[in-house]
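The values are calculated or read from the model by the stated rules, or taken from the named source; none is laboratory data. In this text the structure is predicted, and so the values were computed from the model without any measurement. Cβ sites come from the backbone with ideal geometry, for glycine too, and all protein chains shown count toward neighbours. Calculation scope for accessible area: heavy atoms of the full protein, side chains included, ligands and nucleic acids excluded. Shrake-Rupley method; radii C 1.70, N 1.55, O 1.52, S 1.80 Å.
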Amino acid sequence: QVQLVESGGGLVQPGGSLRLSCAASGSIFSVGDMGWYRQAPGKQRELVAIITRDGSTSYADSVRGRFYLSRDNVKNTESLQMNSLKPEDTAVYYCNARIRSSYRPVYADYWGQGTQVTVSS
């Protein structure tokens with residue numbers, strides 16, 4: 001089995017910072033693109049940032065310049081550093097990764113359980 005486990009959410013004041021982490025574990029053969037999505041109440045889930053295996057990143061316009069995504073290909077982890085947080089960043093954040101498991105020769109999407117980020121004074 002393959003699973004993604006997130007950590008690092010919480011409550012922060014506007015202008016503050018948080019760091020989200022995600023670790024992939026289980027019978028993993030290879031990890032492709034990794035990323036973060038978020039879903040605010042009453043809204044659709046949206047892409048926040050994505051990083052390829054070679055480290056190329058893409059960001060949503062709303063977070064570019066404030067959020068920074070990195071990964072460790074040895075540990076199969078990714079981290080999202082979120083700076084200058086705004087109330088509109090409040091959402092449940094989901095880790096995502098395309099993973100080829102040891103028992104299935106195709107890449108599939110895996111999701112974390114979600115972690116709440118609340119930006120409020």
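Give Leu4, Leu11 a once-over and let me know the one that is open to solvent by 50 Å² or more (accessible area, probe 1.4 Å) and out of contact with any helix residue (DSSP H, G or I) (no Cβ under 9 Å at 6 or more places or on another chain).
Testing whether each residue is open to solvent by 50 Å² or more (accessible area, probe 1.4 Å) and out of contact with any helix residue (DSSP H, G or I) (no Cβ under 9 Å at 6 or more places or on another chain) leaves just Leu11.
Out of (1) within 19 Å of Gln116 (Cα to Cα); (2) touching a residue at least 40 places away in the same chain (Cβ under 8 Å); (3) not in a strand (DSSP E or B), what's the single condition that is false for Gly35?
With (1) within 19 Å of Gln116 (Cα to Cα); (2) touching a residue at least 40 places away in the same chain (Cβ under 8 Å); (3) not in a strand (DSSP E or B) applied to Gly35, the lone miss is (3).
Scan the stretch 51-63 and report the pairs whose first residue is under 13 Å from Tyr37 (Cα atoms) and open to solvent by 60 Å² or more (accessible area, probe 1.4 Å) and whose second residue is modelled with pLDDT of 95 or more and assigned to a strand (DSSP E or B), with Cβ atoms within less than 6 Å and a gap of 6+ or a chain change.
Ser58/Ile50
Out of the stretch 22-35, which residues are open to solvent by less than 40 Å² (accessible area, probe 1.4 Å) and of a type outside the set (A, V, I, L, M, F, W, C)?
If the condition is that a residue be open to solvent by less than 40 Å² (accessible area, probe 1.4 Å) and of a type outside the set (A, V, I, L, M, F, W, C), then Ser30, Gly32, Gly35 are the ones that fit.
Checking Thr118 against (1) touching a residue at least 40 places away in the same chain (Cβ under 8 Å); (2) part of a strand (DSSP E or B); (3) within 15 Å of the chain's Cα centre (by Cα): exactly one of these is not met. Which one?
Going through the list (1) touching a residue at least 40 places away in the same chain (Cβ under 8 Å); (2) part of a strand (DSSP E or B); (3) within 15 Å of the chain's Cα centre (by Cα), Thr118 breaks only (3).
Hey, does the stretch 8-27 have a residue that's over 17 Å from Ala91 (Cβ atoms) and without any contact (Cβ under 8 Å) to a residue 40 or more places away in the chain?
no
Among the residues of the stretch 64-104, what is the count of those that are small (Gly, Ala, Ser), buried (at least 17 other Cβ atoms within 10 Å of the Cβ) and in contact with a Phe, Trp or Tyr (Cβ under 8 Å, 6 or more places away or on another chain)?
The total comes to 2.
Of all the residues that make up the stretch 1-15, how many are aliphatic (A, V, I, L, M) and within 21 Å of Ile99 (Cβ to Cβ)?
Looking only at that region, the number is 3.
Could you grab me the full set of residues in the stretch 112-121 that are surrounded by 15 or more Cβ atoms within 10 Å (Cβ to Cβ) and closer than 14 Å to Ser21 by Cα?
Within the stretch 112-121, Gly112, Gly114, Thr115, Val117 qualify.
Take Arg38 and decide whether it is open to solvent by 40 Å² or more (accessible area, probe 1.4 Å), basic (Lys, Arg) and under 14 Å from the mean Cα position of the chain (by Cα).
Against the criterion (open to solvent by 40 Å² or more (accessible area, probe 1.4 Å), basic (Lys, Arg) and under 14 Å from the mean Cα position of the chain (by Cα)), Arg38 does not qualify.
Taking Val74, is it of a type in the set (Val, Ile, Thr) and either in a loop (DSSP other than H, G, I, E, B) or at positive phi (or both)?
yes
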